[in-house]
Amino acid sequence: MNISVNIVDVTRMRAEAGDAEAQFQLAVIYQNGRLAPQDQAQAREWLLKAATQGHVKAMFNLGVTYGEGHGVPVDDAEAFRWYQAAAAEGDPRAHYNLGQFYLARRGAPADGAKANEHWFEAAMRGMSLAQLRLALSFARGDGGRTDHQLAYVWAYVSKDAEAQSRAILDVLTPAIPAEVIAALQGEALSVMKLIRTVGPNDKRRFSQE
(Lines give C-alpha, C1' and ligand atoms only; values in the text may rest on other atoms or scores of the structure.)
Protein backbone atom coordinates (compact mmCIF):
# COMPACT_ATOMS: atom_id res chain seq x y z
CA MET A 1 0.00 0.00 0.00
CA ASN A 2 1.35 3.41 -0.95
CA ILE A 3 0.50 5.60 2.04
CA SER A 4 1.79 8.80 0.40
CA VAL A 5 -0.49 8.39 -2.61
CA ASN A 6 -3.44 7.69 -0.32
CA ILE A 7 -2.80 10.88 1.65
CA VAL A 8 -2.71 12.93 -1.53
CA ASP A 9 -5.81 11.24 -2.96
CA VAL A 10 -7.82 11.71 0.24
CA THR A 11 -6.70 15.33 0.56
CA ARG A 12 -7.62 16.00 -3.07
CA MET A 13 -11.08 14.46 -2.59
CA ARG A 14 -11.75 16.72 0.38
CA ALA A 15 -10.30 19.72 -1.46
CA GLU A 16 -12.47 19.12 -4.51
CA ALA A 17 -15.48 18.89 -2.18
CA GLY A 18 -14.74 22.46 -1.05
CA ASP A 19 -12.89 21.88 2.24
CA ALA A 20 -10.69 24.98 2.67
CA GLU A 21 -8.21 23.29 5.01
CA ALA A 22 -7.80 20.39 2.59
CA GLN A 23 -7.31 22.87 -0.25
CA PHE A 24 -4.55 24.54 1.76
CA GLN A 25 -2.92 21.22 2.64
CA LEU A 26 -3.02 20.12 -1.01
CA ALA A 27 -1.38 23.41 -1.99
CA VAL A 28 1.39 22.78 0.54
CA ILE A 29 1.88 19.26 -0.87
CA TYR A 30 2.42 20.71 -4.34
CA GLN A 31 4.61 23.51 -2.98
CA ASN A 32 7.10 21.31 -1.14
CA GLY A 33 7.04 18.34 -3.52
CA ARG A 34 7.35 15.72 -0.77
CA LEU A 35 4.22 13.64 -1.31
CA ALA A 36 3.68 14.56 -4.96
CA PRO A 37 5.78 16.15 -7.71
CA GLN A 38 6.31 19.84 -7.06
CA ASP A 39 3.84 21.93 -9.04
CA GLN A 40 3.72 25.63 -8.19
CA ALA A 41 0.85 26.32 -10.59
CA GLN A 42 -1.39 23.77 -8.86
CA ALA A 43 -0.22 25.00 -5.47
CA ARG A 44 -1.24 28.54 -6.39
CA GLU A 45 -4.60 27.35 -7.71
CA TRP A 46 -5.45 25.54 -4.47
CA LEU A 47 -4.16 28.38 -2.32
CA LEU A 48 -6.46 30.75 -4.16
CA LYS A 49 -9.45 28.44 -3.62
CA ALA A 50 -8.71 28.23 0.11
CA ALA A 51 -7.95 31.92 0.47
CA THR A 52 -11.20 32.98 -1.18
CA GLN A 53 -12.96 30.91 1.50
CA GLY A 54 -11.17 32.91 4.21
CA HIS A 55 -8.34 30.50 5.00
CA VAL A 56 -5.76 32.77 6.66
CA LYS A 57 -2.69 30.59 6.11
CA ALA A 58 -3.58 30.34 2.44
CA MET A 59 -3.80 34.13 2.24
CA PHE A 60 -0.38 34.44 3.82
CA ASN A 61 1.12 31.79 1.54
CA LEU A 62 -0.22 33.63 -1.50
CA GLY A 63 1.56 36.72 -0.21
CA VAL A 64 4.78 34.70 -0.03
CA THR A 65 4.12 33.17 -3.47
CA TYR A 66 3.91 36.57 -5.14
CA GLY A 67 6.42 38.29 -2.89
CA GLU A 68 9.14 35.71 -3.50
CA GLY A 69 8.13 34.66 -7.02
CA HIS A 70 7.29 31.01 -6.41
CA GLY A 71 6.26 29.86 -9.87
CA VAL A 72 5.25 33.38 -10.90
CA PRO A 73 7.08 36.66 -11.51
CA VAL A 74 7.50 38.68 -8.32
CA ASP A 75 4.42 40.89 -7.94
CA ASP A 76 4.72 43.20 -4.93
CA ALA A 77 1.23 44.65 -5.34
CA GLU A 78 -0.37 41.20 -5.32
CA ALA A 79 1.79 40.07 -2.41
CA PHE A 80 0.86 43.20 -0.48
CA ARG A 81 -2.85 42.58 -1.16
CA TRP A 82 -2.74 39.06 0.24
CA TYR A 83 -0.65 40.07 3.24
CA GLN A 84 -3.24 42.76 3.97
CA ALA A 85 -6.01 40.16 3.80
CA ALA A 86 -4.18 37.83 6.20
CA ALA A 87 -3.27 40.69 8.54
CA ALA A 88 -6.93 41.73 8.73
CA GLU A 89 -7.55 38.26 10.14
CA GLY A 90 -4.82 38.78 12.75
CA ASP A 91 -1.95 36.79 11.18
CA PRO A 92 1.25 38.08 12.86
CA ARG A 93 3.52 36.94 10.01
CA ALA A 94 1.44 38.99 7.57
CA HIS A 95 1.69 42.04 9.83
CA TYR A 96 5.45 41.57 10.05
CA ASN A 97 5.84 41.27 6.28
CA LEU A 98 3.65 44.32 5.68
CA GLY A 99 6.01 46.27 7.91
CA GLN A 100 8.92 45.11 5.79
CA PHE A 101 7.05 46.02 2.60
CA TYR A 102 6.22 49.53 3.85
CA LEU A 103 9.83 50.13 4.78
CA ALA A 104 11.15 48.84 1.44
CA ARG A 105 8.51 50.55 -0.76
CA ARG A 106 7.20 47.21 -1.94
CA GLY A 107 3.57 47.26 -3.03
CA ALA A 108 2.96 50.64 -1.37
CA PRO A 109 4.74 53.98 -0.89
CA ALA A 110 7.38 54.03 1.85
CA ASP A 111 5.74 54.68 5.22
CA GLY A 112 7.82 54.13 8.35
CA ALA A 113 4.95 54.87 10.71
CA LYS A 114 2.80 52.17 9.11
CA ALA A 115 5.77 49.78 9.20
CA ASN A 116 5.99 50.35 12.96
CA GLU A 117 2.23 49.82 13.30
CA HIS A 118 2.37 46.43 11.62
CA TRP A 119 5.48 45.31 13.52
CA PHE A 120 3.67 46.36 16.69
CA GLU A 121 0.62 44.25 15.79
CA ALA A 122 2.88 41.24 15.20
CA ALA A 123 4.80 41.95 18.41
CA MET A 124 1.60 42.02 20.45
CA ARG A 125 0.73 38.59 19.08
CA GLY A 126 3.93 37.21 20.55
CA MET A 127 6.21 37.28 17.50
CA SER A 128 9.69 37.81 18.97
CA LEU A 129 11.19 38.77 15.60
CA ALA A 130 8.69 41.64 15.36
CA GLN A 131 9.52 42.68 18.92
CA LEU A 132 13.19 42.81 17.94
CA ARG A 133 12.31 44.69 14.75
CA LEU A 134 10.49 47.34 16.79
CA ALA A 135 13.47 47.66 19.11
CA LEU A 136 15.75 48.18 16.11
CA SER A 137 13.31 50.60 14.52
CA PHE A 138 13.08 52.82 17.60
CA ALA A 139 16.82 52.56 18.27
CA ARG A 140 17.79 53.61 14.74
CA GLY A 141 14.75 55.61 13.64
CA ASP A 142 13.94 53.17 10.82
CA GLY A 143 10.26 54.00 11.04
CA GLY A 144 10.82 57.74 11.23
CA ARG A 145 10.83 57.86 15.03
CA THR A 146 13.86 57.47 17.31
CA ASP A 147 12.96 56.61 20.90
CA HIS A 148 15.61 54.81 22.93
CA GLN A 149 13.27 54.15 25.82
CA LEU A 150 10.75 52.36 23.59
CA ALA A 151 13.65 50.54 21.97
CA TYR A 152 14.73 49.38 25.43
CA VAL A 153 11.22 48.15 26.28
CA TRP A 154 10.89 46.03 23.15
CA ALA A 155 14.44 44.73 23.41
CA TYR A 156 13.71 43.69 26.99
CA VAL A 157 10.46 42.00 25.95
CA SER A 158 12.28 39.91 23.32
CA LYS A 159 15.63 39.38 25.06
CA ASP A 160 14.98 35.73 25.96
CA ALA A 161 14.13 34.80 22.36
CA GLU A 162 16.39 37.05 20.29
CA ALA A 163 20.14 37.35 20.92
CA GLN A 164 20.25 40.65 19.04
CA SER A 165 17.80 42.12 21.55
CA ARG A 166 20.31 41.47 24.33
CA ALA A 167 22.95 43.28 22.29
CA ILE A 168 20.60 46.27 21.94
CA LEU A 169 20.10 46.34 25.70
CA ASP A 170 23.87 46.33 26.21
CA VAL A 171 24.18 49.37 23.95
CA LEU A 172 21.25 51.32 25.38
CA THR A 173 21.66 50.66 29.10
CA PRO A 174 24.70 52.93 29.74
CA ALA A 175 22.89 55.90 28.16
CA ILE A 176 19.74 55.64 30.32
CA PRO A 177 19.62 56.59 34.04
CA ALA A 178 19.29 53.64 36.42
CA GLU A 179 15.95 54.82 37.82
CA VAL A 180 14.56 55.08 34.30
CA ILE A 181 15.85 51.59 33.48
CA ALA A 182 13.89 50.19 36.41
CA ALA A 183 10.70 51.88 35.19
CA LEU A 184 11.24 50.66 31.64
CA GLN A 185 11.74 47.10 32.84
CA GLY A 186 8.48 47.37 34.77
CA GLU A 187 6.76 48.61 31.62
CA ALA A 188 8.24 45.75 29.62
CA LEU A 189 6.98 43.20 32.15
CA SER A 190 3.50 44.72 31.87
CA VAL A 191 3.67 44.42 28.08
CA MET A 192 4.79 40.79 28.39
CA LYS A 193 1.87 40.07 30.70
CA LEU A 194 -0.56 41.63 28.22
CA ILE A 195 0.96 39.70 25.31
CA ARG A 196 0.25 36.43 27.13
CA THR A 197 -3.46 37.24 26.95
CA VAL A 198 -3.44 37.82 23.17
CA GLY A 199 -4.05 34.94 20.77
CA PRO A 200 -1.66 34.53 17.81
CA ASN A 201 -4.45 35.41 15.35
CA ASP A 202 -6.38 37.92 17.46
CA LYS A 203 -8.25 40.22 15.07
CA ARG A 204 -8.12 43.24 17.36
CA ARG A 205 -5.93 46.20 16.51
CA PHE A 206 -3.83 47.39 19.43
CA SER A 207 -2.80 50.92 20.38
CA GLN A 208 0.88 51.77 20.60
CA GLU A 209 0.23 54.56 23.07
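Filtering Ala85, Ala113, Ala122 for residues that are touching a Pro at 6+ places or on another chain (Cβ under 7 Å) and part of a helix (DSSP H, G or I) leaves a single hit, Ala122. The lone criterion from (1) more than 12 Å from the chain's Cα centre (by Cα); (2) under 26 Å from Tyr30 (Cβ atoms); (3) of a type outside the set (Val, Ile, Thr) left unmet by Asn97 is number (1).
Is segment 72-80 home to any residue that is surrounded by 19 or more Cβ atoms within 10 Å (Cβ to Cβ), among the hydrophobic types (A, V, I, L, M, F, W, C) and touching a residue at least 60 places away in the same chain (Cβ under 8 Å)?
No, segment 72-80 has no match at all.
Taking residues in segment 196-209 that are surrounded by 10 or more Cβ atoms within 10 Å (Cβ to Cβ), and partners anywhere that are acidic (Asp, Glu), the pairs with Cβ atoms closer than 8 Å and at least 6 places apart or on different chains are Asn201/Glu89; Asn201/Asp91; Lys203/Glu89; Arg205/Glu121; Phe206/Glu121; Gln208/Glu117. Only residues that are in contact with a Lys or Arg (Cβ under 8 Å, 6 or more places away or on another chain) and open to solvent by less than 50 Å² (accessible area, probe 1.4 Å) were counted in segment 160-180, giving 2. Within segment 130-152, identify whether any single residue is without any contact (Cβ under 8 Å) to a residue 40 or more places away in the chain, exposed (fewer than 13 other Cβ atoms within 10 Å of the Cβ) and part of a helix (DSSP H, G or I), and answer yes or no. Yes, there is a match, as at least one residue in segment 130-152 is without any contact (Cβ under 8 Å) to a residue 40 or more places away in the chain, exposed (fewer than 13 other Cβ atoms within 10 Å of the Cβ) and part of a helix (DSSP H, G or I). On the basis of being surrounded by fewer than 15 Cβ atoms within 10 Å (Cβ to Cβ), at pLDDT 95 or above and part of a helix (DSSP H, G or I), does Ala183 make the cut? Judged against the criteria, Ala183 is a match. Consider Gln38 carefully, then state whether it is closer than 21 Å to Ala85 by Cβ, open to solvent by 30 Å² or more (accessible area, probe 1.4 Å) and either out of contact with any helix residue (DSSP H, G or I) (no Cβ under 6 Å at 6 or more places or on another chain) or part of a helix (DSSP H, G or I) (or both). Here the answer is no, as Gln38 does not meet what is asked.
The values are calculated or read from the model by the stated rules, or taken from the named source; none is laboratory data. Because the structure is predicted, anything quoted here is derived from the model rather than measured. Glycine gets a Cβ as well: all are built from the backbone with ideal geometry, and neighbour counts include every protein chain shown. All accessible areas refer to the heavy atoms of the entire protein, side chains included, with ligands and DNA or RNA removed. Shrake-Rupley method; radii C 1.70, N 1.55, O 1.52, S 1.80 Å.
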